[in-house]
Amino acid sequence: MNKSYDVIITGARCSGSTLAIYLAKAGFEVLLADRATFPSDTLSTNTFFNNTVALLREIGVMDSLVETHVTPVETIKFQFEDTVIEGPIPKVYGEDTAYCIRRTYLDHILLKQAKKHKNITVIEGFRVTDLIYDGERVTGMKGEDGAKRQQEYRASLVVGADGRNSKIRRLVNSELKLSSPSAVTIYFGYFSGISHDSVPKFEVYKRDDKMAILFPTNDDLYVVTVNFPLEDKKLIDKFKNDPENSIRQFLRDYFPNTTIGNRIKHSTLIEPIKGLIGYDNYWYQGMGNGWALVGDAICFKDPAMAQGIHDAIRGARILADILIKNNGQINEWEKIAEDYQKSMEAEFMVRFYMGCELSKNEKITEQQDAIHKIISTHPSVIEKFFGIYNYANEPADFEEELNRIIQSISS
Ligand SMILES: Cc1cc2nc3c(=O)[nH]c(=O)nc-3n(C[C@H](O)[C@H](O)[C@H](O)COP(=O)(O)OP(=O)(O)OC[C@H]3O[C@@H](n4cnc5c(N)ncnc54)[C@H](O)[C@@H]3O)c2cc1C
(Lines give C-alpha, C1' and ligand atoms only; values in the text may rest on other atoms or scores of the structure.)
Protein backbone atom coordinates (compact mmCIF):
# COMPACT_ATOMS: atom_id res chain seq x y z
CA MET A 1 0.00 0.00 0.00
CA ASN A 2 1.36 3.43 -0.99
CA LYS A 3 1.93 6.16 1.59
CA SER A 4 -1.02 8.49 2.38
CA TYR A 5 -0.68 12.26 1.77
CA ASP A 6 -2.36 15.42 3.01
CA VAL A 7 -2.98 16.61 -0.54
CA ILE A 8 -2.68 14.95 -3.96
CA ILE A 9 -2.37 17.39 -6.86
CA THR A 10 -3.02 16.23 -10.41
CA GLY A 11 -1.20 18.52 -12.87
CA ALA A 12 2.24 19.98 -12.16
CA ARG A 13 2.36 23.19 -14.23
CA CYS A 14 1.64 26.74 -13.03
CA SER A 15 -1.28 26.00 -10.73
CA GLY A 16 -0.19 22.54 -9.51
CA SER A 17 3.45 23.34 -8.75
CA THR A 18 2.55 26.64 -7.09
CA LEU A 19 -0.05 25.00 -4.86
CA ALA A 20 2.38 22.24 -3.91
CA ILE A 21 5.10 24.77 -2.98
CA TYR A 22 2.86 26.83 -0.68
CA LEU A 23 1.32 23.78 0.99
CA ALA A 24 4.73 22.18 1.51
CA LYS A 25 6.06 25.39 3.08
CA ALA A 26 3.21 25.11 5.61
CA GLY A 27 4.20 21.53 6.41
CA PHE A 28 1.70 19.58 4.28
CA GLU A 29 2.76 16.27 2.73
CA VAL A 30 2.01 16.62 -0.98
CA LEU A 31 1.95 14.23 -3.92
CA LEU A 32 2.28 16.11 -7.24
CA ALA A 33 1.49 13.98 -10.31
CA ASP A 34 1.53 14.79 -14.00
CA ARG A 35 1.14 12.59 -17.04
CA ALA A 36 3.77 14.71 -18.81
CA THR A 37 7.51 14.50 -18.24
CA PHE A 38 9.27 17.85 -17.97
CA PRO A 39 10.43 19.99 -19.71
CA SER A 40 7.20 19.86 -21.63
CA ASP A 41 5.32 22.34 -23.82
CA THR A 42 1.61 23.08 -23.70
CA LEU A 43 -0.87 25.08 -25.78
CA SER A 44 -0.09 28.63 -24.66
CA THR A 45 1.30 31.91 -25.95
CA ASN A 46 3.17 32.27 -22.65
CA THR A 47 2.60 35.93 -21.82
CA PHE A 48 2.19 37.39 -18.35
CA PHE A 49 2.32 40.84 -16.85
CA ASN A 50 4.38 42.30 -14.03
CA ASN A 51 1.85 41.40 -11.31
CA THR A 52 2.65 37.76 -12.14
CA VAL A 53 6.36 38.58 -11.99
CA ALA A 54 5.79 39.63 -8.37
CA LEU A 55 4.13 36.26 -7.62
CA LEU A 56 6.93 34.33 -9.31
CA ARG A 57 9.53 36.35 -7.43
CA GLU A 58 7.84 35.42 -4.15
CA ILE A 59 7.92 31.74 -5.16
CA GLY A 60 11.65 32.19 -5.73
CA VAL A 61 11.90 31.38 -9.43
CA MET A 62 12.18 34.79 -11.08
CA ASP A 63 16.00 34.82 -11.19
CA SER A 64 16.04 31.44 -12.97
CA LEU A 65 13.31 32.59 -15.35
CA VAL A 66 15.19 35.70 -16.52
CA GLU A 67 18.19 33.47 -17.23
CA THR A 68 16.23 31.68 -19.99
CA HIS A 69 17.37 34.16 -22.66
CA VAL A 70 14.04 35.96 -22.65
CA THR A 71 13.33 39.50 -23.79
CA PRO A 72 12.06 41.82 -21.04
CA VAL A 73 9.04 43.89 -22.10
CA GLU A 74 8.15 47.30 -20.68
CA THR A 75 5.80 48.64 -23.36
CA ILE A 76 2.34 47.70 -24.60
CA LYS A 77 0.93 48.65 -27.99
CA PHE A 78 -2.69 48.17 -28.98
CA GLN A 79 -3.73 49.21 -32.46
CA PHE A 80 -7.49 49.27 -33.03
CA GLU A 81 -8.07 49.90 -36.75
CA ASP A 82 -5.74 52.91 -37.27
CA THR A 83 -5.62 54.16 -33.69
CA VAL A 84 -2.48 53.31 -31.74
CA ILE A 85 -2.65 53.16 -27.95
CA GLU A 86 0.88 52.77 -26.67
CA GLY A 87 2.69 53.31 -23.41
CA PRO A 88 4.68 51.84 -20.54
CA ILE A 89 3.33 48.92 -18.54
CA PRO A 90 2.10 50.46 -15.27
CA LYS A 91 4.31 49.58 -12.33
CA VAL A 92 2.73 47.23 -9.80
CA TYR A 93 4.16 45.59 -6.64
CA GLY A 94 7.46 47.29 -7.48
CA GLU A 95 7.70 45.47 -10.84
CA ASP A 96 7.66 47.19 -14.23
CA THR A 97 8.69 44.39 -16.59
CA ALA A 98 6.54 41.70 -18.18
CA TYR A 99 7.57 38.52 -20.02
CA CYS A 100 6.59 35.90 -22.52
CA ILE A 101 8.43 32.83 -21.23
CA ARG A 102 7.95 29.54 -23.00
CA ARG A 103 6.17 26.94 -20.93
CA THR A 104 9.03 24.50 -21.50
CA TYR A 105 11.00 26.88 -19.24
CA LEU A 106 8.31 28.32 -16.94
CA ASP A 107 6.63 25.07 -15.92
CA HIS A 108 9.90 23.18 -15.65
CA ILE A 109 11.46 25.83 -13.41
CA LEU A 110 8.36 25.89 -11.18
CA LEU A 111 8.43 22.11 -10.93
CA LYS A 112 12.15 22.12 -10.11
CA GLN A 113 11.37 24.58 -7.31
CA ALA A 114 8.67 22.20 -6.02
CA LYS A 115 11.12 19.29 -6.10
CA LYS A 116 13.40 21.13 -3.67
CA HIS A 117 10.83 20.61 -0.89
CA LYS A 118 11.33 17.32 0.89
CA ASN A 119 7.61 16.99 1.66
CA ILE A 120 6.64 17.14 -2.02
CA THR A 121 6.77 13.82 -3.89
CA VAL A 122 6.71 14.34 -7.65
CA ILE A 123 5.66 11.64 -10.09
CA GLU A 124 6.01 12.50 -13.76
CA GLY A 125 4.63 10.35 -16.56
CA PHE A 126 1.73 9.36 -14.28
CA ARG A 127 -1.79 9.52 -15.74
CA VAL A 128 -4.62 9.82 -13.21
CA THR A 129 -7.50 7.64 -14.37
CA ASP A 130 -9.96 7.42 -11.48
CA LEU A 131 -10.76 8.49 -7.94
CA ILE A 132 -11.12 6.49 -4.73
CA TYR A 133 -14.14 7.18 -2.52
CA ASP A 134 -15.12 6.52 1.06
CA GLY A 135 -18.88 6.96 0.86
CA GLU A 136 -19.35 10.31 -0.89
CA ARG A 137 -15.94 11.60 0.03
CA VAL A 138 -12.98 11.48 -2.35
CA THR A 139 -10.07 9.87 -0.50
CA GLY A 140 -7.53 9.23 -3.22
CA MET A 141 -6.76 8.60 -6.86
CA LYS A 142 -5.81 5.75 -9.17
CA GLY A 143 -3.60 5.94 -12.18
CA GLU A 144 -1.03 4.44 -14.44
CA ASP A 145 2.69 5.09 -14.21
CA GLY A 146 5.22 5.27 -17.05
CA ALA A 147 5.66 1.48 -16.97
CA LYS A 148 1.86 1.01 -17.31
CA ARG A 149 1.60 -0.22 -13.72
CA GLN A 150 -1.65 0.63 -11.90
CA GLN A 151 -1.08 2.61 -8.70
CA GLU A 152 -3.33 4.00 -5.95
CA TYR A 153 -2.62 6.93 -3.63
CA ARG A 154 -4.67 8.26 -0.74
CA ALA A 155 -5.02 11.79 0.69
CA SER A 156 -7.33 14.06 2.69
CA LEU A 157 -7.83 16.18 -0.44
CA VAL A 158 -7.41 15.53 -4.17
CA VAL A 159 -6.87 18.66 -6.27
CA GLY A 160 -7.40 18.89 -10.02
CA ALA A 161 -4.77 21.30 -11.38
CA ASP A 162 -5.13 19.41 -14.62
CA GLY A 163 -6.15 22.06 -17.08
CA ARG A 164 -8.96 22.85 -19.48
CA ASN A 165 -10.04 19.26 -20.01
CA SER A 166 -9.65 18.36 -16.33
CA LYS A 167 -10.08 14.65 -15.61
CA ILE A 168 -10.68 15.35 -11.91
CA ARG A 169 -13.46 17.83 -12.78
CA ARG A 170 -15.18 15.21 -14.92
CA LEU A 171 -14.79 12.46 -12.34
CA VAL A 172 -16.33 14.51 -9.51
CA ASN A 173 -19.00 15.88 -11.84
CA SER A 174 -18.33 19.47 -10.79
CA GLU A 175 -21.22 21.83 -11.54
CA LEU A 176 -20.77 24.19 -14.51
CA LYS A 177 -21.71 27.60 -13.11
CA LEU A 178 -21.01 29.89 -16.07
CA SER A 179 -20.20 29.31 -19.70
CA SER A 180 -19.80 31.60 -22.67
CA PRO A 181 -18.66 30.24 -26.04
CA SER A 182 -15.99 32.00 -28.04
CA ALA A 183 -16.56 33.06 -31.64
CA VAL A 184 -12.83 32.91 -32.33
CA THR A 185 -10.30 30.64 -34.03
CA ILE A 186 -6.68 30.96 -32.90
CA TYR A 187 -3.50 29.99 -34.74
CA PHE A 188 0.02 30.74 -33.53
CA GLY A 189 3.63 29.99 -34.37
CA TYR A 190 7.18 30.71 -33.25
CA PHE A 191 9.31 32.75 -35.65
CA SER A 192 12.93 33.84 -35.69
CA GLY A 193 14.18 36.92 -37.52
CA ILE A 194 11.39 39.32 -36.54
CA SER A 195 12.72 42.73 -35.54
CA HIS A 196 11.18 44.73 -32.69
CA ASP A 197 8.74 47.55 -33.39
CA SER A 198 11.42 50.07 -32.23
CA VAL A 199 11.60 48.42 -28.76
CA PRO A 200 10.29 45.04 -27.48
CA LYS A 201 6.53 45.36 -26.90
CA PHE A 202 3.45 43.29 -26.35
CA GLU A 203 1.68 44.17 -29.61
CA VAL A 204 -2.05 43.61 -30.22
CA TYR A 205 -3.70 44.66 -33.50
CA LYS A 206 -7.41 44.51 -34.23
CA ARG A 207 -8.85 45.28 -37.64
CA ASP A 208 -12.41 44.44 -38.67
CA ASP A 209 -13.00 40.97 -37.12
CA LYS A 210 -9.35 39.88 -37.22
CA MET A 211 -6.54 40.15 -34.68
CA ALA A 212 -2.77 39.81 -34.80
CA ILE A 213 -0.72 39.52 -31.61
CA LEU A 214 3.09 39.61 -31.41
CA PHE A 215 5.03 38.77 -28.26
CA PRO A 216 8.85 38.56 -28.05
CA THR A 217 9.75 35.31 -26.29
CA ASN A 218 12.86 33.23 -25.46
CA ASP A 219 15.84 32.70 -27.72
CA ASP A 220 15.14 35.83 -29.84
CA LEU A 221 11.90 34.33 -31.14
CA TYR A 222 8.49 35.93 -31.52
CA VAL A 223 5.25 34.11 -30.87
CA VAL A 224 2.85 35.37 -33.53
CA THR A 225 -0.86 34.75 -33.00
CA VAL A 226 -3.78 35.40 -35.31
CA ASN A 227 -7.47 35.35 -34.36
CA PHE A 228 -10.38 35.30 -36.77
CA PRO A 229 -14.06 34.33 -36.73
CA LEU A 230 -14.90 30.73 -35.96
CA GLU A 231 -17.58 30.87 -38.65
CA ASP A 232 -14.99 31.55 -41.37
CA LYS A 233 -14.73 27.89 -42.44
CA LYS A 234 -12.91 28.78 -45.68
CA LEU A 235 -10.11 30.47 -43.77
CA ILE A 236 -9.94 27.61 -41.25
CA ASP A 237 -9.56 25.14 -44.16
CA LYS A 238 -6.83 27.30 -45.63
CA PHE A 239 -4.94 27.30 -42.31
CA LYS A 240 -5.40 23.54 -41.97
CA ASN A 241 -4.00 22.93 -45.46
CA ASP A 242 -1.10 25.37 -45.39
CA PRO A 243 -0.65 26.91 -41.95
CA GLU A 244 2.62 28.76 -42.55
CA ASN A 245 1.66 30.51 -45.77
CA SER A 246 -1.81 31.20 -44.38
CA ILE A 247 -0.47 32.97 -41.29
CA ARG A 248 1.96 35.01 -43.41
CA GLN A 249 -0.71 35.98 -45.93
CA PHE A 250 -3.16 36.78 -43.11
CA LEU A 251 -0.69 39.23 -41.55
CA ARG A 252 0.11 40.88 -44.89
CA ASP A 253 -3.47 41.10 -46.18
CA TYR A 254 -5.35 42.14 -43.08
CA PHE A 255 -2.77 44.40 -41.41
CA PRO A 256 -1.28 46.56 -44.18
CA ASN A 257 -1.61 49.59 -41.89
CA THR A 258 1.05 48.20 -39.50
CA THR A 259 4.77 47.40 -39.47
CA ILE A 260 4.08 43.64 -39.38
CA GLY A 261 4.31 42.94 -43.14
CA ASN A 262 7.86 44.25 -43.40
CA ARG A 263 8.97 42.67 -40.15
CA ILE A 264 7.89 39.12 -41.06
CA LYS A 265 9.33 39.20 -44.60
CA HIS A 266 12.64 37.60 -43.63
CA SER A 267 11.40 35.57 -40.68
CA THR A 268 11.65 31.78 -40.32
CA LEU A 269 9.00 29.57 -38.78
CA ILE A 270 10.87 27.37 -36.34
CA GLU A 271 8.22 24.80 -35.35
CA PRO A 272 4.76 23.78 -36.60
CA ILE A 273 1.88 26.27 -36.26
CA LYS A 274 -0.63 25.32 -33.55
CA GLY A 275 -4.30 26.16 -33.44
CA LEU A 276 -7.43 26.17 -31.31
CA ILE A 277 -10.68 26.18 -33.24
CA GLY A 278 -13.27 27.50 -30.79
CA TYR A 279 -13.32 27.28 -27.00
CA ASP A 280 -15.56 28.17 -24.09
CA ASN A 281 -15.00 30.66 -21.32
CA TYR A 282 -16.24 28.76 -18.27
CA TRP A 283 -16.43 28.67 -14.50
CA TYR A 284 -16.97 25.47 -12.50
CA GLN A 285 -17.75 24.69 -8.85
CA GLY A 286 -14.29 24.76 -7.24
CA MET A 287 -14.56 22.42 -4.25
CA GLY A 288 -16.55 19.44 -3.00
CA ASN A 289 -16.26 16.60 -0.52
CA GLY A 290 -12.57 15.67 -0.57
CA TRP A 291 -11.70 17.47 -3.82
CA ALA A 292 -10.87 20.91 -5.22
CA LEU A 293 -10.04 22.46 -8.60
CA VAL A 294 -7.58 25.21 -9.45
CA GLY A 295 -6.24 27.00 -12.56
CA ASP A 296 -7.87 26.17 -15.88
CA ALA A 297 -9.65 23.24 -14.23
CA ILE A 298 -11.94 25.70 -12.42
CA CYS A 299 -12.02 28.66 -14.81
CA PHE A 300 -10.90 29.52 -18.34
CA LYS A 301 -11.00 32.90 -20.02
CA ASP A 302 -10.14 34.12 -23.50
CA PRO A 303 -6.37 33.64 -24.06
CA ALA A 304 -6.14 37.10 -25.67
CA MET A 305 -6.61 38.49 -22.13
CA ALA A 306 -3.26 36.87 -21.15
CA GLN A 307 -4.60 36.18 -17.66
CA GLY A 308 -4.48 32.37 -17.48
CA ILE A 309 -0.96 31.97 -16.10
CA HIS A 310 -1.57 34.69 -13.53
CA ASP A 311 -4.89 33.22 -12.46
CA ALA A 312 -3.44 29.72 -12.20
CA ILE A 313 -0.63 30.93 -9.91
CA ARG A 314 -2.71 33.44 -7.92
CA GLY A 315 -5.62 30.96 -7.66
CA ALA A 316 -3.25 28.30 -6.31
CA ARG A 317 -2.06 30.79 -3.72
CA ILE A 318 -5.66 31.53 -2.70
CA LEU A 319 -6.46 27.82 -2.36
CA ALA A 320 -3.25 27.22 -0.39
CA ASP A 321 -4.08 30.06 2.01
CA ILE A 322 -7.56 28.67 2.63
CA LEU A 323 -6.30 25.13 3.23
CA ILE A 324 -3.52 26.37 5.51
CA LYS A 325 -6.00 28.56 7.45
CA ASN A 326 -8.15 25.48 8.00
CA ASN A 327 -5.12 23.39 8.84
CA GLY A 328 -6.04 20.88 6.15
CA GLN A 329 -9.14 19.90 8.13
CA ILE A 330 -11.67 19.63 5.37
CA ASN A 331 -14.37 17.87 7.43
CA GLU A 332 -16.42 21.03 7.28
CA TRP A 333 -15.80 21.20 3.55
CA GLU A 334 -19.02 23.11 2.71
CA LYS A 335 -17.82 26.15 4.69
CA ILE A 336 -14.35 26.00 3.18
CA ALA A 337 -15.81 25.51 -0.30
CA GLU A 338 -17.94 28.63 0.11
CA ASP A 339 -14.92 30.61 1.28
CA TYR A 340 -12.90 29.35 -1.70
CA GLN A 341 -15.62 30.06 -4.26
CA LYS A 342 -16.19 33.58 -2.91
CA SER A 343 -12.48 34.39 -2.83
CA MET A 344 -11.95 33.17 -6.40
CA GLU A 345 -14.96 35.07 -7.71
CA ALA A 346 -13.89 38.27 -5.93
CA GLU A 347 -10.44 38.00 -7.48
CA PHE A 348 -11.17 36.91 -11.05
CA MET A 349 -14.82 37.44 -12.00
CA VAL A 350 -14.48 40.98 -13.44
CA ARG A 351 -11.82 39.90 -15.91
CA PHE A 352 -13.68 36.66 -16.62
CA TYR A 353 -16.56 38.75 -17.98
CA MET A 354 -14.09 40.87 -19.96
CA GLY A 355 -12.82 37.65 -21.53
CA CYS A 356 -16.38 36.62 -22.42
CA GLU A 357 -16.90 39.99 -24.17
CA LEU A 358 -13.59 39.72 -26.03
CA SER A 359 -14.51 36.24 -27.22
CA LYS A 360 -17.57 37.60 -29.04
CA ASN A 361 -15.08 39.13 -31.48
CA GLU A 362 -17.32 42.05 -32.36
CA LYS A 363 -16.13 44.67 -34.81
CA ILE A 364 -15.10 48.06 -33.50
CA THR A 365 -18.08 50.45 -33.55
CA GLU A 366 -17.84 54.15 -34.45
CA GLN A 367 -18.39 55.03 -30.81
CA GLN A 368 -15.59 52.70 -29.66
CA ASP A 369 -13.35 54.15 -32.36
CA ALA A 370 -13.97 57.66 -31.00
CA ILE A 371 -13.16 56.44 -27.47
CA HIS A 372 -9.96 54.73 -28.67
CA LYS A 373 -8.86 58.04 -30.20
CA ILE A 374 -9.43 59.83 -26.88
CA ILE A 375 -7.55 57.11 -24.95
CA SER A 376 -4.64 57.21 -27.40
CA THR A 377 -3.94 60.90 -26.77
CA HIS A 378 -4.23 60.87 -22.97
CA PRO A 379 -1.42 59.09 -21.07
CA SER A 380 -3.42 59.06 -17.82
CA VAL A 381 -6.20 57.04 -19.54
CA ILE A 382 -3.68 54.79 -21.31
CA GLU A 383 -2.17 53.97 -17.93
CA LYS A 384 -5.56 53.03 -16.46
CA PHE A 385 -6.44 51.04 -19.61
CA PHE A 386 -3.27 48.95 -19.40
CA GLY A 387 -3.62 48.77 -15.61
CA ILE A 388 -6.68 46.54 -16.01
CA TYR A 389 -4.46 43.77 -17.39
CA ASN A 390 -1.94 43.71 -14.55
CA TYR A 391 -4.33 44.57 -11.71
CA ALA A 392 -2.69 47.98 -11.19
CA ASN A 393 -6.30 49.21 -11.16
CA GLU A 394 -9.82 47.97 -11.78
CA PRO A 395 -11.86 48.60 -14.96
CA ALA A 396 -13.98 51.06 -12.93
CA ASP A 397 -10.86 53.24 -12.36
CA PHE A 398 -10.24 53.31 -16.10
CA GLU A 399 -13.86 54.33 -16.77
CA GLU A 400 -13.64 57.06 -14.15
CA GLU A 401 -10.49 58.53 -15.71
CA LEU A 402 -11.93 58.26 -19.21
CA ASN A 403 -15.13 60.05 -18.12
CA ARG A 404 -13.09 62.75 -16.45
CA ILE A 405 -11.19 63.38 -19.68
CA ILE A 406 -14.35 63.28 -21.81
CA GLN A 407 -15.97 65.84 -19.50
CA SER A 408 -12.92 68.08 -19.62
CA ILE A 409 -12.95 67.92 -23.44
CA SER A 410 -16.67 68.71 -23.70
CA SER A 411 -16.69 71.52 -21.11
C1 LIG B 1 -3.99 28.92 -27.27
C2 LIG B 1 -3.80 29.38 -25.87
C3 LIG B 1 -2.98 30.47 -25.61
C4 LIG B 1 -2.81 30.93 -24.29
N5 LIG B 1 -2.00 32.00 -24.07
C6 LIG B 1 -1.86 32.49 -22.82
C7 LIG B 1 -1.03 33.61 -22.56
O8 LIG B 1 -0.40 34.17 -23.46
N9 LIG B 1 -0.94 34.06 -21.28
C10 LIG B 1 -1.63 33.46 -20.25
O11 LIG B 1 -1.54 33.93 -19.11
N12 LIG B 1 -2.40 32.37 -20.46
C13 LIG B 1 -2.53 31.87 -21.72
N14 LIG B 1 -3.29 30.77 -21.93
C15 LIG B 1 -3.91 30.11 -20.77
C16 LIG B 1 -2.86 29.36 -19.95
O17 LIG B 1 -2.11 28.53 -20.80
C18 LIG B 1 -3.58 28.52 -18.89
O19 LIG B 1 -4.46 29.37 -18.18
C20 LIG B 1 -2.59 27.86 -17.92
O21 LIG B 1 -1.78 26.95 -18.60
C22 LIG B 1 -3.34 27.13 -16.83
O23 LIG B 1 -2.41 26.45 -16.03
P24 LIG B 1 -2.83 25.14 -15.22
O25 LIG B 1 -1.66 24.79 -14.38
O26 LIG B 1 -4.13 25.35 -14.54
O27 LIG B 1 -3.12 24.01 -16.32
P28 LIG B 1 -2.22 23.46 -17.51
O29 LIG B 1 -1.12 24.39 -17.83
O30 LIG B 1 -3.18 23.09 -18.59
O31 LIG B 1 -1.57 22.14 -16.91
C32 LIG B 1 -2.34 21.01 -16.64
C33 LIG B 1 -1.43 19.81 -16.44
O34 LIG B 1 -2.25 18.71 -16.02
C35 LIG B 1 -1.74 17.54 -16.58
N36 LIG B 1 -2.82 16.54 -16.64
C37 LIG B 1 -4.00 16.65 -17.29
N38 LIG B 1 -4.73 15.53 -17.13
C39 LIG B 1 -4.00 14.69 -16.37
C40 LIG B 1 -4.20 13.37 -15.87
N41 LIG B 1 -5.32 12.68 -16.11
N42 LIG B 1 -3.22 12.81 -15.12
C43 LIG B 1 -2.07 13.50 -14.85
N44 LIG B 1 -1.82 14.74 -15.31
C45 LIG B 1 -2.77 15.34 -16.05
C46 LIG B 1 -1.27 17.95 -17.97
O47 LIG B 1 -0.29 17.07 -18.46
C48 LIG B 1 -0.70 19.35 -17.70
O49 LIG B 1 0.68 19.31 -17.49
C50 LIG B 1 -3.48 30.27 -23.22
C51 LIG B 1 -4.28 29.17 -23.47
C52 LIG B 1 -4.44 28.72 -24.77
C53 LIG B 1 -5.31 27.52 -25.01
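The values are calculated or read from the model by the stated rules, or taken from the named source; none is laboratory data. Predicted, not measured: the structure shown is a model, and the values here were computed from it. Virtual Cβ from ideal backbone geometry, glycine too; neighbours counted across all protein chains shown.
Return a yes/no flag: does the stretch 264-285 have any residue that is over 26 Å from the mean Cα position of the chain (by Cα) and in the same structural domain as residue 135 (by TED's automatic domain parsing).
Checking the stretch 264-285: not a single residue is over 26 Å from the mean Cα position of the chain (by Cα) and in the same structural domain as residue 135 (by TED's automatic domain parsing).
Regarding the stretch 325-333, can at least one residue be identified that is over 30 Å from residue 229 (Cβ atoms) and either within 16 Å of the ligand (Cβ to nearest atom) or part of a helix (DSSP H, G or I) (or both)?
Going through the stretch 325-333, the residues over 30 Å from residue 229 (Cβ atoms) turn out to be 325-333.
Narrowing further to those that are either within 16 Å of the ligand (Cβ to nearest atom) or part of a helix (DSSP H, G or I) (or both): 325, 333.
Within the stretch 325-333, one or more residues are over 30 Å from residue 229 (Cβ atoms) and either within 16 Å of the ligand (Cβ to nearest atom) or part of a helix (DSSP H, G or I) (or both).
Residues are listed down the side, and each one gets a yes or a no for (1) surrounded by 18 or more Cβ atoms within 10 Å (Cβ to Cβ); (2) of a type in the set (D, E, K, R); (3) under 26 Å from residue 58 (Cβ atoms):
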residue: 246; (1), (2), (3): yes, no, no
residue: 249; (1), (2), (3): no, no, no
residue: 252; (1), (2), (3): no, yes, no
residue: 255; (1), (2), (3): yes, no, no
residue: 259; (1), (2), (3): no, no, no
residue: 293; (1), (2), (3): yes, no, yes
residue: 304; (1), (2), (3): yes, no, no
residue: 313; (1), (2), (3): yes, no, yes
residue: 320; (1), (2), (3): yes, no, yes
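Return a yes/no flag: does the stretch 148-165 have any residue that is exposed (fewer than 14 other Cβ atoms within 10 Å of the Cβ), among the polar types (S, T, N, Q) and assigned by TED's automatic domain parsing to the domain that holds residue 333. Talk me through it step by step, then tell me what you get.
First pass over the stretch 148-165, keeping only residues exposed (fewer than 14 other Cβ atoms within 10 Å of the Cβ): 148-150, 152, 165.
Filter again for among the polar types (S, T, N, Q), leaving 150, 165.
Within this subset, residues satisfying the condition of being assigned by TED's automatic domain parsing to the domain that holds residue 333 are 150, 165.
Within the stretch 148-165, one or more residues are exposed (fewer than 14 other Cβ atoms within 10 Å of the Cβ), among the polar types (S, T, N, Q) and assigned by TED's automatic domain parsing to the domain that holds residue 333.
How many of the residues in the stretch 168-188 are buried (at least 21 other Cβ atoms within 10 Å of the Cβ) and either more than 29 Å from residue 96 (Cβ to Cβ) or at pLDDT below 95 (or both)?
Of the residues in that region, 8 qualify.
So which residues in the stretch 91-147 are modelled with pLDDT under 95 and within 22 Å of the chain's Cα centre (by Cα)?
Of everything in the stretch 91-147, nothing turns out to be modelled with pLDDT under 95 and within 22 Å of the chain's Cα centre (by Cα).
Mind checking whether some residue in the stretch 323-332 is under 30 Å from residue 223 (Cα atoms) and either buried (at least 24 other Cβ atoms within 10 Å of the Cβ) or over 21 Å from the mean Cα position of the chain (by Cα) (or both)? Before you say what the answer is, go through the steps one by one.
Just the residues of the stretch 323-332 that are under 30 Å from residue 223 (Cα atoms), to begin with: none.
So far as the stretch 323-332 goes, no, none of its residues is under 30 Å from residue 223 (Cα atoms) and either buried (at least 24 other Cβ atoms within 10 Å of the Cβ) or over 21 Å from the mean Cα position of the chain (by Cα) (or both).
How many residues does the stretch 359-390 hold that are under 24 Å from the mean Cα position of the chain (by Cα) and surrounded by fewer than 21 Cβ atoms within 10 Å (Cβ to Cβ)? Even if it seems obvious, please write down each step before you answer.
As a first pass, look at the stretch 359-390 and keep what is under 24 Å from the mean Cα position of the chain (by Cα): 359-362, 382-390.
Next, only the ones that are surrounded by fewer than 21 Cβ atoms within 10 Å (Cβ to Cβ) stay: 360, 362, 383, 388.
Residues in the stretch 359-390 being under 24 Å from the mean Cα position of the chain (by Cα) and surrounded by fewer than 21 Cβ atoms within 10 Å (Cβ to Cβ): 4 in total.
Which of the residues that make up the stretch 175-205 are outside any strand (DSSP E or B) and acidic (Asp, Glu)? Spell out the reasoning first.
Here is the first cut: in the stretch 175-205, the ones outside any strand (DSSP E or B) are 175, 182-183, 193-196, 198, 200.
Listed by number, the list holds a single entry, 175.
Condition first: touching a residue at least 24 places away in the same chain (Cβ under 8 Å) and among the small types (Gly, Ala, Ser). Now tell me which residues in the stretch 359-394 satisfy that.
Hits for the stretch 359-394 are 359, 376, 380, 387, 392.
Among the candidates 76, 85, 21, which residue alone is within 15 Å of the ligand (Cβ to nearest atom) and surrounded by fewer than 24 Cβ atoms within 10 Å (Cβ to Cβ)? So that I can check it myself, show each step before the final result.
Working: 85 fails: within 15 Å of the ligand (Cβ to nearest atom); 21 fails: surrounded by fewer than 24 Cβ atoms within 10 Å (Cβ to Cβ).
Just one listed residue meets the conditions, 76.
Would you say residue 353 is out of contact with any helix residue (DSSP H, G or I) (no Cβ under 8 Å at 6 or more places or on another chain) and among the hydroxyl-bearing types (Ser, Thr, Tyr)?
Working: out of contact with any helix residue (DSSP H, G or I) (no Cβ under 8 Å at 6 or more places or on another chain): yes; among the hydroxyl-bearing types (Ser, Thr, Tyr): yes.
Considered against the rule, which asks whether it is out of contact with any helix residue (DSSP H, G or I) (no Cβ under 8 Å at 6 or more places or on another chain) and among the hydroxyl-bearing types (Ser, Thr, Tyr), residue 353 comes out as yes.
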